[in-house]
Every structure is written in C-alpha cells, then in structure tokens.
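Each remark here refers to the structure printed beneath this line.
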Amino acid sequence: MELIFEKSVEGRRGFLNPCLDVDVKASIPSHLKRAKDCQFPQVSELDVVRHFTNLSKMNYSVDANFYPLGSCTMKYNPRFTESIACMKGFTDVHPLLPQLKKGELLTQGSLEVLYEMDRLLCEITAMDSFTMQPLAGAHGELTGLMMMAAYHKAKGNNKKYIIVPDSSHGTNPATAAIAGYEIISINSDKTGVMDIEELKSKLSDEVAGLMLTCPNTHGIFNSDIKKISEMIHAVDGLMYYDGANLNAVLGRCRPGDIGFDVMHVNLHKTFATPHGGGGPGSGPVGVNKKLIPFLPISRVIKNSSGKYELDYDYPESIGYVASFYGNFSIILRAYAYILYLGKQGLIETSNNAVLNANYLKERLKERFELAYDRICMHESVFSASRQVENGVHATDIAKFLIDKGCHPPTIYFPLTVKEAIMIEPTETESKKAMDEFVDAMFEADDLSRKNPKEFADLPKTTPVSRPDEVKAARELNANYFAE
Amino acid sequence: MFSYIANTKKEQEEMLAVIGVDSIEELFSDIKPEHSPKSFNLPKGKSEFEVVEYFRKLALKNSSELIPFIGGGYYDHYVPSVVSSLMSRGEFFTAYTPYQPECSQGTLQALYEYQSAICTMTNMEISNASLYDGGTALYEAAMMAFRITKRKKILIDGGVSPIFKKILKTYTSNLDFEFNETEVVHGTADRKKMYALLDKDTAAVIVQNPNFFGAIDDYTDIVEKAHAAGALVIESVYPISLGLLKTPGEMDVDIVTGEGQSLGLSLNFGGPYLGFMATKKKYARKMPGRIVGQTTDKNGKRCFVNTLQAREQHIRREKATSNICTNVALCALQSIIYMSVIGKNGFKELAQLNLDKAEFAKSVIDKIEGVEVKRSSPTFNEFTVHLPVDASIVVERMIGRGFAAGFPLGRYYKGMEKYMIIVVTEKRTKEEILNYAKALEEVLKVKN
C-alpha cells in the first residue's frame, strides 16, 4: 500500500485551523525560523480515513483473531472501559492542576481513581503501597530496582548483583543492568523451575535481590518459592515479583504473602487494557513496608477531611520516575475493569485462564513436544523439535497459522526451550476457538510430514510474505525522507 | 458477577475430562496451602450500568470547565475528531507489538510513517517508534550520549523543564554520572558559563526549545562549541513550535527528544503521552526503542519490519541499549493521524496562529498595572510574566473566576515566587483572552 506521503497532492487540505480572531500578525527574527519546510502530507480528511482504515485491515487483533501470544495475556478488552476513559471530565484535565495552590480540589475525581486503585492493588497482591507512575512493565521493573538500590544504600549494604533465572523476560536483565547491577543467571532444573542448588551456590552477601516471575515463563508455579525467599532474605536481598503472569493466580496466591518485597503489575495484561499495537501500557509498582520510604513522588494521600491530595514530603524517595502520576487513562480503565469483575470475577478469571491453558496443552501434546509435561498455569511451552526433523521450524508453523486466521503463539521464547512455541489462550477464549486452533496446529503437523517444502511459500493470504529482515537491518531505511 | 468468560459449565466439564482432572482446583495443586492468600477482600462485582454511573459522577468531581492558560510542556490544542475515530479501531487498538510482520503491516507501516513525520518535523535522519513520554525520552537520550561518547558528564541548561531535570536525576542517582546545570540569563542559555564547564569529560549538552520560560533560541553556536569539545547536543523540543522555529536538524543537534502530547493527544491528567526521539543515522545503532524499517518480502514487494533488534532487550538482555519493551505505539499512531490531517500547510498556519494569539495576549496583559511581560527574548506561545504578588495566590484566585491562569514558577524555582508562565494556544479566543486579562486585573486589586 502507498505511504500517506505518496498520496500527498500539493495544495490539498484535510483540516481547517480555528480562525485568527485577533488583529495581530506577529513575526519572529528570521534566524530563529526554520528554513526547510516540514513535509507533512497534503491530503484530504477522506484520504486520511481511507488510508488508516485500510492499514488497520492489515493487522491481526484480539477483536478479529484468536491471539494466543504466550506471556502477553491477549485477553478481550471490554468496551465499556473505553467509554469511561473518554469521559471529558477525565480526558481534559491538565496534569499540573493539582500542583497549584488548592488545585487538588479541582481534580478530586482523578486523584480518587489513583488512590482507590492503589488500595485495590494492595489487596490483590498483599503489598502495602503502590505507585501508579511507571508507564509500562519494564518501567515498573526499573522503578522497583531503583527502590531496591535506595534501600541497600540507606542500610549501607554493599550489593553488586541481581539474580535472574534463565527463563526470565529479557527486560529483567536489561533493567538490572541499567539500574547499575551485574547479572547472575540461574538455570532451570528438569522440572522447569529455577535450580535451587545452583541458586544456593551462587548466593552471596553481595546479592541485592532476585527477580522472578511466578508462575514463570514455562507456566509453572514454583512450589519452593517460600524457601527461595527465605534464602534471599537471609543475605538481606530483596524479592522482586515480575507481575507479567499475575493473570494465573488472582485470588489463589498473593506475592506479598509468599515473601516478595516489591513487584509490578502489567495493567495491559492482567487487567485487560488494550495493548494498542505496542503500548501504552501501565506498570504500577507495589512495595511492602521495608520499601515504602523510597517510593517515587508524588504520592496520592487522603487527608483528614477526606480530600485527596498530592504529597511530596518523602525525603528518602527516589524522586520522579515519570512526568506525572502514571498513564492515567490506562489506570482508569483497569480500575473500572476490577470494579466490574469484583472478587468473584477475578477468581473466575484465573480459574478459566488456567483451565484453558491446560486444555490446549493436553490436546496439543499428542502431536507437539511439550517442554514440561505437568500441570501448567496460564500458559505452556512446546517445542517444534518433532517437526524440525522434517525441516519445519517454529517460525514455519507460525506462518501456517497466520494463513488459518490465527495470530501465532510466541515463538523462540523462552530461550530455555529450543524452537519454543509458547501458548497463552487467556480466559476469554471459548473451547470452540481453541479447538479450531488445535485443528490448525494438527494440520500444520500433517503438512510437516507430508510436504514440508510447502511451508516456505507461507503465508499466502497476507498482503506480504516473509519479509527480508536481514536487508532491513543492512540497508537501514526508517525514514521516507532520508536522502 | 461477570468476567467475560465464554465457556459454559458444560464446556468446562468437557475440558476437565480431556485434561484428566475432576475439578479446576486440581489445576492449582502446585500452589500449596502455605501460599494461600491471607485475605482477598475485594468488593463484589457490579453491572456495567452501575460502574459507568460511578465514573460519570467521579468525572464530575474534576473541574474540566476551567479555561486553560496553563502549559509547562503540556498543552490544550484542538484534536480533530478523525484522530480518535481512527485510532480506536479495534484492529489497531487490540493488537500486540508487531512481532509477526505478515499480520501486522498496518501497525508497522503506520509507525514507519510516524518515524518519517518526526524526521521531517525535526529535520533529523532517523526516529524510533516512540518512548514513554518527553521526560523519560530525555533520560534515554542522556544514556545514549553516555554510550556514544563513553564520557560521564552532562551539562544541562537551566531552561530545560524542571520536571525533566528531576527525572534525569532520579534515574542516574545510582550511576556514576555527573550533572552540571547552568542558570538561565535573560530568558536564554548562559553561553559563557556553559562553555566554561564544557570539557573533555562532557558527554552532552542538553537544551530545550522553547525553554521552560517560553524563550526561543538558536543553539547553533552551542552545537559548534560542543562538537569541538567532542560532546553531543541533545535538544528537547515542543513539536507545534516546529511549524515555525529553526529545527534541531538545522542546528546540527545530535539527539532530539520531546513530549508529543500536543500532536493529537488529550491531556488525560498526565498520560498516556508520547515520547519521541530522533537522531543522526550514524547513531541509529545506539538508539533505544523499537525502530521500524522498510524492506521487501520474498516476492519483492515493499513491506515493513521491526529492525536493528540486536539493540533490544528481548535479544540482547543485559547488553541492550535500553530495557524498554512496550512503548506507546497507539499514541504514535494517534500523532501520525494528527500530522496527516493537519498537513504541511496546516502545521505552518497552526504555529503562526499560536504565535499571533500569544502576542495579542502579551499586549493585553502588559497593560495591567503591576504586571510585566518579560520580553528579554522572543517567545512562541508561552511567556513569563512578573506579578506584584505571589503568583500562586493569583492563580488560586483566578480559579475562582474560571481560569487556570498559568503555572507559578515558585513551584520549582526558589526566588521566582512572583513569576508565572502563561500559554495561549489556537483554542483561546479573543474574548477569552480579554476576559482573562480583565479577571487578572480585578484579582490583583483584591487586598489580601
């Protein structure tokens, strides 16, 4: 499809600015002016509508396709939360208003959302306080790690290392490195959880903490988690809970109850806010009492007269991690989702996320190599190893699924499983949708044995097929206007 | 209680039979009694109607009717209806990060167009596909400068947003980096002091245009001096001003960042916003965040993919250029729709309109007794005024008259309690500006 810039026609307009109603024609000194015009396209409003409508048709989405992307929790995003997020009383509020004298009185509605969401998340996770500021999961990780660093600094601890399991998300080691730590990686044992003996051998007084998803990326809940947290706490390390997989354990287990000191929640996963093709997300961070003094400022408090206000008076705070109070409209949607579902709805959510994942796992294991043959939580990991014997790889299976109208699972992650295919159906999918997916996977397996060469031509139904990624990197073209 | 679960009891039982267990409880057997929640005391679920009503009432507790003359980097611009209508299409809204290019060409092409628009707006060579917001984008730029130069010092001009400066300090407090700040003189960067501090350890000089006080500047001289010292220059810019102002590219700036909220996003009480970043092509491999590149498919057809992924956390883990994963793709989409519909000429006009209205407001406000509009440097649509009394009190009184009058500088600068910054966007009418001035005059006459 043509680029919007290629549709540009000199002199065409798509929008009329408000009229100039003052009798001033101002100018600025010429040395402060741009010489080269900005080449935004010159198109009509209909051109814009058609262009982006047709672009949208080239996407797979939860709204249109089964989307079992492991680790991403691609559940249905309820519509009613959109109508709430679009209420003018929320969208038009300037973030600096509550920082004016008595300005908090102008934003009681928004401050209440932030305060009440903090309370709800504390009850869901057994943490003592949350900051809503982090703008995505990885941003939450960094916020958490900076608080951990501040904790150790305040105690005079000399800490150098963060421990991560080999099955962790790439953001965990990347975050720890950016926060100034070195990484110790621990391998998984035969059952798919962190090797506790290896942990023991690598643990020292210089360990600042451990970052863990629980259940982990193999979809397995680590039954030794309390033992692990005792080991970490014994060296005054801190336990960081990566909340990416929280959708599996709502009402079943709370990170704060099993020894975690700090965690983030991905509102765009567990609490159903739309992922938007890669964000915006939201990654509130919760802490227990040990870390409360270090939470970012501002914090939302309820004063003695029942009014909400911003409080900046925390001398040990790590400071500002975002410009304001977090991705407010995402938090708003998640808050509405939690109120709608309530306690029982959240429990049902995890029950069915786990039921669906186990159903898919049981059905698929007949034809696909299951990495860990045991009960799983919200997701399970297969390997395409049997199909590879015929020259068909995980990526080939993914392309086959695209032709079947299904978004492929996560492939080649976690790195612990060769040719990994990681499947997370979520609770909102029906048995029928999953059965159709299983049929498609079995067809892929059939084809891998009958005619493996055919995979090279797939996908056939999409506007493009098998992009040359090497060329994209080698002949970098990321700007239409580049000379 | 409702939870968007499709399966009926009967289907659930069929599924349990396939799994070979009797109940859902058995599926949770790895979670032992010792892991059980000590409480899970949450409210009961509600109907959609009840929830929507609750929020409708909550929204009324916010004051969204104030006429905003407050900016500080976040502005009340008009957003054409077509922007939200298109970006809320489920095909964009409910897709994930485009890991599978064949079924994500919509998002990928839109992001490529977004990157191109950011490049032509700033006259830079390459842009990434977005970062969280303007403040964190500036932090990422500082980290990028450290990586490129392998130096440890940042020189930051006092005109940079105080909010951004606080963010920078938070992120680097545990790292071995040094910040030096030079104070603003007569509204613009103090070159003399800056050059005195510029040395062989300086990784980058950070400037902002227009600066926090509204002053506009040409930083070409600073860029030359910085480059001669082997340092980079990072400029934070306000996108709408670039309809008129000299671009970072024309000043030979190395890394550009900014808050993209004004490109079609609502104020939303602070987010989600849009951090943008562009740089020179030679630094592309040091840039954080996703980058969409053009390539061809197996049939030679043009298409788009995430590229240079070897920089990123999911490939590089602890050696990545940043830990960023989810960014703000949907906000980038919003902004490319906005930039497309505003168009080349509309963008120029919009900037001129903001300038004209702000100059009109200056001339009116300047006439009020005791109020002085600071005119030491030219401005775009935001400017500083000096008041005879504490600005925070004036702002408080103006709220009572229906105006968010401006941002009192005393909030972030000691000794500037009598100053405030005022913004006038294209949405402010002549009538509103005149009423504002009248209200300000009256408010200043009130004795305590």
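The values are calculated or read from the model by the stated rules, or taken from the named source; none is laboratory data. Quick caveat: nothing in here was measured; it's all calculated off a predicted structure. When we count neighbours, we look across all protein chains shown, and the Cβ atoms used for this are built from the backbone with ideal geometry, even at glycine.
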**Q.** Subset of segment B:18-49 (residues that are in a helix (DSSP H, G or I), surrounded by 12 or more Cβ atoms within 10 Å (Cβ to Cβ) and more than 7 Å from chain A (Cβ to nearest Cβ))
**A.** B:Glu26
(Q) Step by step: first the residues of segment A:118-161, then only those that are among the basic types (Lys, Arg) and more than 9 Å from chain B (Cβ to nearest Cβ), then the one that is nearest to the chain's Cα centre (by Cα). Which residue is that? (A) A:Arg119
(Q) When you check B:Glu426 against the structure, is it under 29 Å from B:Leu244 (Cα atoms), of a type in the set (Asp, Glu), at the interface with chain A (Cβ under 10 Å from one of its Cβ atoms) and outside any helix (DSSP H, G or I), yes or no? (A) yes
Q | Residue within segment B:339-346 that is closer than 17 Å to B:Ala129 by Cβ and at pLDDT 95 or above present | A | yes
Q.
Looking at segment A:317-337, can you tell me whether even one residue there is farther than 29 Å from A:Ala85 by Cα and more than 7 Å from chain B (Cβ to nearest Cβ)?
A. yes
Q) Do you know which of the residues in segment A:230-253 that are in contact with a Phe, Trp or Tyr (Cβ under 7 Å, 6 or more places away or on another chain) and within 12 Å of chain B (Cβ to nearest Cβ) is nearest to A:Ile347 (Cα to Cα)? A) A:Gly251
(Q) Can you say whether B:Ile342 is in contact (Cβ under 8 Å) with a residue 60 or more places away in the chain and assigned to a helix (DSSP H, G or I), as far as the supplied structure shows? (A) yes
(Q) Given the criteria β-branched (Val, Ile, Thr), within 12 Å of chain A (Cβ to nearest Cβ) and farther than 24 Å from B:Gly159 by Cβ, does B:Thr279 qualify? (A) no
Q: Scan (1) within 13 Å of chain A (Cβ to nearest Cβ); (2) free of Cβ contacts under 8 Å to residues at least 40 places away in the same chain; (3) farther than 29 Å from B:Gln352 by Cα; (4) not aromatic (Phe, Trp, Tyr) for the single condition B:Gly415 breaks and write down its number.
A: (1)
Q: Could you please find all residues in segment B:168-203 being crowded, with 24+ Cβ neighbours inside 10 Å and under 22 Å from the mean Cα position of the chain (by Cα)?
A: B:Leu168, B:Tyr171
Q | Among (1) over 21 Å from B:His35 (Cβ atoms); (2) within 10 Å of another protein chain (Cβ to nearest Cβ); (3) touching a helix residue (DSSP H, G or I) at 6+ places or on another chain (Cβ under 7 Å), the one test that A:Ala208 misses | A | (2)
**Q.** Every residue from segment B:231-264 that is in contact with a Lys or Arg (Cβ under 7 Å, 6 or more places away or on another chain) and more than 13 Å from every other protein chain (Cβ to nearest Cβ)
**A.** B:Asp254
Q | Unique match (being at the interface with chain A (Cβ under 7 Å from one of its Cβ atoms) and either more than 21 Å from the chain's Cα centre (by Cα) or acidic (Asp, Glu) (or both)) among B:Ser116, B:Ser63, B:Ser85 | A | B:Ser63
Q: Return a yes/no flag: does segment A:432-449 have any residue that is among the basic types (Lys, Arg), at the interface with chain B (Cβ under 7 Å from one of its Cβ atoms), surrounded by fewer than 21 Cβ atoms within 10 Å (Cβ to Cβ) and without any contact (Cβ under 8 Å) to a residue 24 or more places away in the chain.
A: no
Q. So which residues in segment B:1-17 are surrounded by fewer than 16 Cβ atoms within 10 Å (Cβ to Cβ) and closer than 30 Å to A:Ile258 by Cβ?
A. B:Met1, B:Phe2
Q) Being modelled with pLDDT of 95 or more, in contact with a strand residue (DSSP E or B) (Cβ under 7 Å, 6 or more places away or on another chain) and not in a loop (DSSP other than H, G, I, E, B), is that true of even one residue in segment A:368-378? A) yes
